[in-house]
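Below: one structure, written as structure tokens.
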Amino acid sequence: MDQKATYRTSVRRSTVQVGGSPSNMYRPEYQVEQFGLQASPRDTSKIWELMDSYQGSDKLALQQSIVHHVEYTLARTRFDFSKFHSYQALSHSVRDRLIEAFNDTNLHFHQMDAKRIYYLSLEFLIGRCLQNALINLDLEEDYREALLDLGYKLEELYDEEVDPALGNGGLGRLAACFLDSLATLNYPSFGYGIRYTYGIFKQLIKDGYQVESPDFWLNNGNPWEIERLDVQYQIRFYGFVKKVWDHGVERSVWEGGETIMARAYDTPIPGYNTQNTIALRLWKSHPASEFDFSSFNTGDYFKALEQRQKAEYITSVLYPNDSTDAGKELRLKQQYLLVSASMQDIVRRFKRRKVLDWNAFPSKVAVQLNDTHPALAIVELLRILIDIEQLDNMSAWQIVTKSFNYTNHTVLPEALEKWGVPLIEKLLPRHLEIIYLINFLFLEKVQQKYPNNWGKLNSLSIVEEEGTKKVRMANLSIVGSKFVNGVAKIHTELLKTTIFKEFFEMHPNKFQNKTNGVTPRRWVRCANPALAALYDRVLGSDKWVQDMELLKQLESNVSDPQFVRDFQMIKMENKERFVHWIRKTCQVDLNIDSLFDIQVKRIHEYKRQLMNILYVIYRYLMIKESTPEERKRIVPRSVCFGGKAAPGYINAKRVIKLINSVADVINNDHQIGDLLKVVFMPNYNVSNAQIIIPAAELSQHISTAGTEASGTSNMKFIMNGCLILGTLDGANVEIDEAVGRENIFIFGTQIEDVDNMKEKMRNTDPHEYFPQELLKVFTEIDNGRFGHNEELKWIVDSIRYKNDNYLVGQDFKDYIKSQQQVDDLYRQPNEWAKKSIYNAIRSYKFSSDRTIQEYADEIWQLKPIKVPEPAAQKNERVKGIALSKSQQEMAEKIKN
Ligand code: NBG
């Protein structure tokens, strides 16, 4: 597939040695007693000797290891060894090498008594693991060669892997990018999430409509996870709270109800060019006891099994982000299962320290809440500290509020989580008591600061009193956290001035901005190997993969015609790969010389895919009306859409139908030919994105100002040398600053004018409000040009009659103007290429390494700890671990 991968010479191998043959690369050794590890009563010297070196990475060793797994893990014979089996064997072989680094890392962090950051998220969209692992371990070339001899092409095996799609969109993918950066920057860290049996639904398109089908991603097994039978925690639901007196103190005991078990599954996440490999620990629900024995004994086996299945339901499906989340008991159970298992795990790890000093907890533990979904972790830690560890309320509260931090990812009111008090009371009765306690303590402070200001008390309170009482998860998260952050500058400002204004006024120092980022390992090095090879060659090393700022050095190359040609060639190759993929998946032939114009993201009204497709219609009508002479000047375009709509989100689903209806008409209109093509790419996911993004020349990020918190695909597109057509919203604002206004197409209403424009929309006659260009498009839809379909009319009507809440009508003219500028520039290929290059080399700020560095310095107060590299000599570390000077100092401190 990625033909140009052979450009790459293994630059890294010559400077850093990772891997090696068994005879010369040794593992670090530790003196067991040094940090309080219990020495085994048995003589373990033989075990130590047998485990003292790494598996080899020379060609023969890799081949032997693959073949070993064919026979001993898969039990296949050499006659019965297909591409899929080859993928499986290869993955197990890579997994072995990952596990070595993973074990070294866990042991080392433990020895160093490291402070760790725990990233709690209901979603982790990690994408495929194989290629990423090979690249981060610097073993891609070696395996490629090893496999060729066995008759397999590495790139073909990549396609055998199923995407673990345990996330909806940007929020889950961000969490995955963060893990990659945490590992690469050597930060001691853990990701905690849920191992859903079914990931986000698979999207099929039938007759132009979205059809959802279940994604049973585990069907073919999952070589990348390690089941931890020894890491399980009991989780309770329902029941009641009993008060008991214990030495004059009233204590709460939560009893009864149902209990289930959460079991850990670890996926090792390797850093790039480092031995550090961290864990993504996902929880799966299991029954607490195998069977309901009374039913079993009476022979009612199905009833006996029922209990078991009920427990397993809890982690069975990922919720597809409907705005109607509220009231879903199962979702709340998922949230609680994640936080309870994770907090128990964190507390257990903390208690393994030599001396138990609860006040030291915040200096060893930082928890980051990825949105409010895991916010109950705050309450759960309090429960553990107060009810189980028997700390007093105030000490426990101090510890909690120094350990937690919260990231907000949206200002859309419908997406702010609230849970009904009756539901929490039923499912988690003790937690409700604790929430009331927190609220009481907090509102006392509010009262002190703003005496008798009922308005303030009302809006700051964790509990919403109107109607059915509800717990506001955002308020809980803010009150329980040390720092709160938004995900782009403009978004953080909005938090401070709108939805969290009152909190900001009370605690201005609590609020920070951490602009999102994406990992250049997956989004450039894996997805665009040819561009990576060009960087390696021109910069003389692959250091840029870890230090994106080095791309600054390429500024002067933009005036080198050869460099520009190289870049253009790479884009062309990526376009070819994409054309091939589109032909296969959508049965549409794209004109390779047309402008590849792409919008991929969840389908949502605020993201305005509707505006894009309405413009496509406008463009189509224009082409139809043009003279043969005019046609010659028209820039051919391929407009490609991708993204899933939440199953219950009717308007979003209508947009998909509209896009497909328009595509049908345009793609089959012989008068149009190659001048315009429209494609809806089904089932947009991480591995599709790795083909789509490097091929894009223009990408659209056109949300109404003030609605998109950040966006992260915008960052991936520019990293791959693509121009943005966008509004001043989310991270676009910072992208505009970074690449320069001359290298981006910006249009539309700006945030400060949005309210006025909405007002204007409401007070203006639709015929005056909507520009002629758009009215013409409406008429065509009304007349059935794209099918006599009620739904298409509905979608137009929904904005036409004074409900244009996302300002499509307001921004349409300006959008057309920008589209013209796009065409003008595309007629000058050299200029287009140069501007694309500027986007790529000025994208360094949007590396998630920068983001994670800021979190570590400004929120977590976290220091990197590097795991010792494989050593060439066995004796080097036998007398204790080889520690750097600062590590030695730290070790001394810990001992004292
Ligand atoms: C999303 C925002 C995006 C942002 C990602 C990651 C949620 C709730 N929010 O704009 O819509 O890029 O989070 O921060 O999914």
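Things worth noting here:
- Within the range 699-715, the set of residues being under 18 Å from T749 (Cα atoms) and more than 9 Å from the ligand (Cβ to nearest atom) comprises Q700, H701, I702, T704, A705, G706.
- In this structure, N720 does not qualify as under 26 Å from Q568 (Cβ atoms) and within 12 Å of the ligand (Cβ to nearest atom).
- The number of residues in the range 596-655 being farther than 22 Å from E697 by Cα and free of Cβ contacts under 8 Å to residues at least 24 places away in the same chain comes to 8.
- Single unsatisfied condition, E380 versus (1) within 16 Å of the ligand (Cβ to nearest atom); (2) surrounded by 24 or more Cβ atoms within 10 Å (Cβ to Cβ); (3) of a type in the set (D, E): (1)
- Residues of the range 708-747 satisfying the condition of being under 16 Å from Y815 (Cβ atoms) and among the hydroxyl-bearing types (S, T, Y): T727
- Strands (runs of 3 or more DSSP E) contained in the range 211-314 and holding at least 2 residues touching a Phe, Trp or Tyr at 6+ places or on another chain (Cβ under 6 Å) and surrounded by 16 or more Cβ atoms within 10 Å (Cβ to Cβ): 258-270, 277-287
- A search for C-beta distances below 6 Å between a residue of the range 150-170 that is under 26 Å from H604 (Cβ atoms) and of a type in the set (S, T, Y) and any residue that is part of a loop (DSSP other than H, G, I, E, B) and within 16 Å of the ligand (Cβ to nearest atom), counting only pairs 6+ apart in sequence or on different chains, returns nothing.
- Residue in the range 499-507 that is free of Cβ contacts under 8 Å to residues at least 40 places away in the same chain and of a type in the set (K, R) present: yes
- Taken residue by residue, the range 743-762 has no member that is part of a helix (DSSP H, G or I) and closer than 26 Å to N688 by Cβ.
- Single match in L157, L229, L218 (criterion: more than 16 Å from the ligand (Cβ to nearest atom), under 25 Å from C526 (Cα atoms), more than 20 Å from the chain's Cα centre (by Cα) and of a type in the set (A, V, I, L, M, F, W, C)): L157
- Looking only at the range 160-174, and only at residues there that are crowded, with 24+ Cβ neighbours inside 10 Å and closer than 20 Å to Q88 by Cβ, the one that is nearest to the ligand (Cβ to nearest atom): A165
- For the range 817-871, a residue qualifies if it is surrounded by fewer than 18 Cβ atoms within 10 Å (Cβ to Cβ), among the polar types (S, T, N, Q) and assigned to a loop (DSSP other than H, G, I, E, B), and the qualifying residues are Q828, Q861.
- Residue under evaluation T184, criteria (1) polar (S, T, N, Q); (2) more than 16 Å from the ligand (Cβ to nearest atom); (3) surrounded by fewer than 24 Cβ atoms within 10 Å (Cβ to Cβ), criterion not met: (3)
- Restricting the first member to the range 712-731 and to residues that are outside any helix (DSSP H, G or I), and the second to residues that are within 13 Å of the ligand (Cβ to nearest atom) and among the charged types (D, E, K, R), the beta-carbon pairs closer than 8 Å and six or more apart or on different chains are T712/R173; D729/E708; G730/E708.
- Options V686, V679, V665: the member that is surrounded by fewer than 24 Cβ atoms within 10 Å (Cβ to Cβ) and within 16 Å of the ligand (Cβ to nearest atom): V686
- Once the range 511-528 is narrowed to residues that are polar (S, T, N, Q) and under 15 Å from the mean Cα position of the chain (by Cα), the residue that is surrounded by the fewest Cβ atoms within 10 Å (Cβ to Cβ) is T515.
- Of the residues making up the range 419-433, none is within 16 Å of the ligand (Cβ to nearest atom) and of a type outside the set (D, E).
- Search result, residues across the range 187-215 that are closer than 19 Å to T851 by Cα and within 16 Å of the ligand (Cβ to nearest atom): G191
- Counted residues, the range 572-604 - those being of a type in the set (D, E) and surrounded by 21 or more Cβ atoms within 10 Å (Cβ to Cβ): 1
- Boolean, I691 is surrounded by fewer than 22 Cβ atoms within 10 Å (Cβ to Cβ) and closer than 21 Å to I200 by Cβ: yes
Read-outs throughout are calculated quantities, based only on the coordinates presented, and are distinct from any laboratory measurement. Note that the structure is a prediction, hence the values are computed from the model and not measured. We place every Cβ from the backbone using ideal geometry, glycine too, and count neighbours over all the protein chains shown.
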